[in-house]
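Engineer: First, the structure itself, so that you have it in front of you.
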Amino acid sequence: MQSLLNESIRLKILSSNEIENIRMQLAQLFAEQANKYTQGDSCSIAVDKAQSLMLSIIYTIDYYLKSLENTDVCIIHIKTKKLKELHVKGKELIRSEFEKSKKLFDLVQKNRIKTENYAYNETIDEGLPSFFKEYELEFLSHESMASIDYPLCIDKMDTCSIEYIISYLEKLYWENEFCSRFYSNDISSLLRGYSYDNKEQLVNIFELVLSNSLGSIMLKRSAQD
Amino acid sequence: MDNKFLLSPILDQSQTAISEIVSCNDNTSKYGLVLTIEEAKELVETRDHALKGFGRIEFGGGTINKIIEVFCDSPYISQGDYSKILNELLETFYYYKNETLDELSDDELIDLMKDNFDNRCHGSLELLQNRDLDKIARNIRNGEDDYDNLDEDDGSEEYFFGEEYERARKSKDNFLLEKISLIRQITCSRY
């Protein structure tokens, strides 16, 4: 949203009155959220908490805007709709994505690789569950609350929070699905061959299996060899 | 565009605040306490300075008004030092919002300040800031449920000035109060 507003100012798509109106709406939205956060008990909050609340508001609005077809439609929404309305729609969208990510996590748990790799097991057993337990949509929608150590083969690190978790779980699911075509003993042997301390290493299992499988095919042998 | 730009409308509430402060005169004038527009401006400046200094953002406004409303009937505040005391109370309020880890609501903190200012500190801001509120904040940080229980031998009785003082306080005899206040200041400086 911030980059969109910046570009809109630069290209004079939004007038100075419209920009001022957006700022005032944002201030009002912030005041409402801060009041909700303090449960009406306090008229002031610490600056770091205020910044966090503002980031959460912007992330939630962003999430909705990013779901629209293109930037032109985003601008039309910003011009014609109240920010509060966009914030409510963002929250609804995140809520449904959160439910979707729970289902994805169930699938990941079902097709997980049987391995002794600590990072892999801890990410599935502790890191990801802590996200579902602690995620705070109302006031900290932009924060991940998860300790994810296991590296994916292709990890999209430019997203955060629910957006990152969904992307992470989708990729992990397909990586697991690929690895499930191989015997777990073969994967363990492959990891042992890769490194003596493979249990402690931050290594992507799928990438190893794929590259060795491709190598095997190039040697005119079975992919499972 | 950064967060400061987005937060700037929240920070710019001065004009509304000044007129709200001045409107409090309708209620406080019956206690002989009135603020001029200049003094209201000074209070807003103190608030902004305190918020910045203590790393806080005010989103609702009205803190100054709450302090005025609660403290206006204090027997220890006279027109001569009204504005000065309010400025000090405002700074004290934001400082102790942080020190009490936001565990107390605005109303609870202001009520505690007023109660201790009148009944234990007998109008001494130094004692309020450095003794009672400091103790309350420490109790809260230590997780004590009975955080506002200050009934221990902390020397508060030393600052009770006897029946003559209490009579002057009740009758709002400003001349006598100021005389006793002077004695108190000397005593406090020793403390």
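Engineer: Among A:47, A:209, which comes first, then next, by fewest other beta-carbon atoms within 10 Å?
Structural biologist: So the residues, fewest neighbours to most, are A:47, A:209.
Engineer: At R0 = 60 Å, how high is the FRET efficiency between residue A:92 and residue B:81 if r is their beta carbon distance? Nearest 0.05 is fine.
Structural biologist: 0.65
Engineer: Sticking with this structure for a sec: About its Cα centre, how strong a charge dipole does region A:1-60 have in debye, to the nearest 20, once Lys and Arg get +1 and Asp and Glu get -1 at the Cβ?
Structural biologist: Using Cβ point charges on Lys, Arg, Asp and Glu, region A:1-60 gives about 120 debye.
Engineer: Let me ask something else. Which of rounded, prolate, oblate describes region B:7-152, given a ≥ b ≥ c as roots of the alpha-carbon gyration tensor eigenvalues and a/c under 1.5 marking rounded, otherwise prolate only if a/b is larger than b/c?
Structural biologist: Taking the square roots of the gyration eigenvalues as a ≥ b ≥ c, region B:7-152 is oblate.
Engineer: Same structure, new question: Pairs of alpha-carbon atoms within less than 8 angstrom and 6+ residues apart define the contacts here; what relative contact order does region A:10-135 have, in percent?
Structural biologist: 23 percent
Engineer: While we're looking at this one, here's another question. Treating the beta-carbon of each Lys and Arg as +1 and of each Asp and Glu as -1, no other charges, what is the dipole magnitude of the protein assembly as shown about its Cα centre, to the nearest 20 debye?
Structural biologist: Roughly 1940 debye, rounded to the nearest 20.
Engineer: Does region A:2-88 come out rounded, prolate or oblate, given a ≥ b ≥ c as the square roots of the eigenvalues of its C-alpha gyration tensor, rounded meaning a/c under 1.5 and, failing that, prolate meaning a/b above b/c?
Structural biologist: prolate
Engineer: Using only the Cα atoms of region A:1-152, build the gyration tensor, take square roots of its eigenvalues as a ≥ b ≥ c, and label the shape rounded, prolate or oblate: rounded if a/c is under 1.5, else prolate if a/b is larger than b/c, else oblate.
Structural biologist: prolate
Engineer: Size of the dipole of region A:169-225 about the Cα centre, Lys and Arg at +1 and Asp and Glu at -1 on the beta carbon, nothing else charged, in debye to 20?
Structural biologist: Roughly 240 debye for region A:169-225.
Engineer: A further question follows. Using the Cα atoms of region A:92-218 to build a convex hull, what is its mean projected area in square nanometres?
Structural biologist: Hull-based average projected area comes out at 8.0 nm².
Engineer: Here is a further query. Quick one: compute the contact order of chain A, relative version, from alpha carbon pairs under 8 angstrom and 6+ residues apart, as a percent.
Structural biologist: 18 percent.
Engineer: Next up: Could you pull out the pairs from A:156/B:97; A:49/A:82; A:89/A:114; A:36/A:110; A:49/A:133; A:102/A:199 whose alpha carbons sit more than 30 Å apart here?
Structural biologist: From the list (A:156/B:97; A:49/A:82; A:89/A:114; A:36/A:110; A:49/A:133; A:102/A:199), the Cα-Cα distance tops 30 Å for A:156/B:97; A:89/A:114; A:36/A:110.
Engineer: Okay, next question. Between helix A:47-66 and chain A, what is the angle of the helix's C-alpha long axis to the longest principal axis, kept within 0 to 90° and rounded to the nearest 10?
Structural biologist: 80 degrees
Engineer: Enter the Cα centre distance for the pair region A:96-117 and region A:207-225, rounded to the nearest angstrom.
Structural biologist: Measuring centre to centre over Cα atoms gives 27 Å.
Engineer: Rounded to whole Å and sorted largest first, list the principal axis extents of the Cα atoms in the protein assembly as shown.
Structural biologist: 107, 57, 28
Engineer: While we're looking at this one, here's another question. Got a sec? How would A:23, A:95 order by Cβ neighbour count within 10 Å, fewest to most?
Structural biologist: A:95, A:23
Engineer: Something else now. If neighbour count is taken as other Cβ atoms inside 10 Å, put A:148, A:154 in order from fewest to most.
Structural biologist: A:154, A:148
Engineer: Go through B:139, A:128, B:37 and say which Cα lies farthest out towards the positive end of the charge dipole of the protein assembly as shown; charges sit on Cβ, +1 for Lys and Arg, -1 for Asp and Glu.
Structural biologist: It is A:128.
Engineer: A further question follows. Give the relative contact order (percent, whole number) for region A:92-218; include only Cα pairs under 8 Å separated by 6+ residues.
Structural biologist: 32 percent
FYI, it's all coordinate maths here, none of it is from the lab. What you are looking at is a predicted structure, and each value in this text was computed from that prediction instead of being measured. When we count neighbours, we look across all protein chains shown, and the Cβ atoms used for this are built from the backbone with ideal geometry, even at glycine.
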